[in-house]
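The values are calculated or read from the model by the stated rules, or taken from the named source; none is laboratory data. Predicted model only: the values in this text are computed from it and were never measured. Here the Cβ positions follow ideal geometry from the backbone for every residue, glycine too, while neighbour counts run over all protein chains shown. We work out accessible area using only protein heavy atoms, side chains counted, and drop any ligands, DNA or RNA first. Shrake-Rupley method; radii C 1.70, N 1.55, O 1.52, S 1.80 Å.
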Amino acid sequence: MAEAERITRTPESGAESGAGAGPDTEAETGTGSETERGSEGGAPVEPERKAGRGKRRILALLLVAAVVYALDLSSKLFVVAKLEHHAPVEVIGTLLRFTVIRNRGAAFSMGEALTIFLTIIATVVIVVIARIARKLYSLPWAIALGLLLGGAFGNLTDRVFRSPGVFKGAVVDFIAPAHFAVFNLADSAIVCGGILIVILSFRGLDPDGTLHKD
């Protein structure tokens with residue numbers, strides 16, 4: 001009788017055991033599938049994609065900076081060789097002329113008594129841009145920072161290598177509009193980069209690509 005009862009209960013126990021184990025097994029299997037799907041798609045791929053985009057933005061920043069720096073440096077070398085100590089060249093009558101001056105101040109000939117201080121500021125700006133670039137995922141911000149970086153390097157090169165001495169050098173300015181200060185291409189790039197940053201800030205776009213909407 002006991003043997004018959006044992007035989008009778010065995011399938012039920014097996015069924016109960018199977019019923020209890022089945023969902024767990026399926027859950028484990030399902031979890032494993034989700035993990036595989038996650039590892040092959042969604043979450044782990046997104047950081048890689050974002051990192052790739054960040055590298056492209058940094059490359060864009062460096063490219064813009066390099067173009068600005070090359071144009072600024074070449075233009076200064078040309079005007080110093082061809083125009084310094086000569087009469088101004090009229091580009092658009094008296095509205096726009098090219099004439100070489102040596103500026104020990106900031107952009108547009110301001111703050112001539114602060115040459116060393118301005119050199120330090122330019123160096124700090126370059127360091128700050130380098131730190132921001134580590135989390136840069138926005139192309140407009142890359143362009144804006146590239147303009148600032150190229151302009152800062154352009155004028156910093158003058159301050160380091162031109163007379164009267166290291167960190168005291170005078171910046172070469174040569175673009176002379178009527179009734180306005182004389183400036184150079186580096187100054188123009190810095191101003192354009194600053195204006196672009198203001199516009200991006202008003203639009204709520206952060207360097208990391210986050211868009212804030214009011």
Total charge of the residues flanking Leu96 in space, meaning their Cβ is under 14 Å from its Cβ, with Lys and Arg +1 and Asp and Glu -1, is -1
Of every hundred units of 1.4 Å-probe accessible area on region 125-214, the number belonging to carbon and sulfur atoms, as a percent, is 69 percent
Taking a ≥ b ≥ c as the square roots of the eigenvalues of the Cα gyration tensor, with a/c under 1.5 meaning rounded and otherwise prolate when a/b exceeds b/c and oblate if not, region 128-183 is oblate
Non-local residues with an amide H under 5 Å from the amide H of Asn103, with H modelled 1.01 Å from N and Pro and chain starts lacking one, are Val171, Val172, Asp173
Output ordering of 67-77, 150-160 (per-residue mean of other Cβ within 10 Å, highest first) is 150-160, 67-77
Ranked output for segments 202-208, 118-124, 98-104 by mean other Cβ atoms within 10 Å, highest leading, reads 98-104, 118-124, 202-208
Classified through the alpha carbon gyration tensor (a ≥ b ≥ c as square roots of its eigenvalues; rounded if a/c is under 1.5, else prolate when a/b is larger than b/c, else oblate), region 88-214 comes out oblate
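Roughly how many debye, to the nearest 20, is the charge dipole of region 61-214 about its Cα centre, given +1 on each Lys and Arg Cβ, -1 on each Asp and Glu Cβ, and no other charges? Kindly include the intermediate steps, with their values, before the conclusion.
Working: 13 positive and 10 negative charges, 58 e Å.
Its charge dipole is roughly 280 debye.
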The alpha-carbon center of region 115-152 and that of region 85-102 are separated, in whole Å, by 30 Å
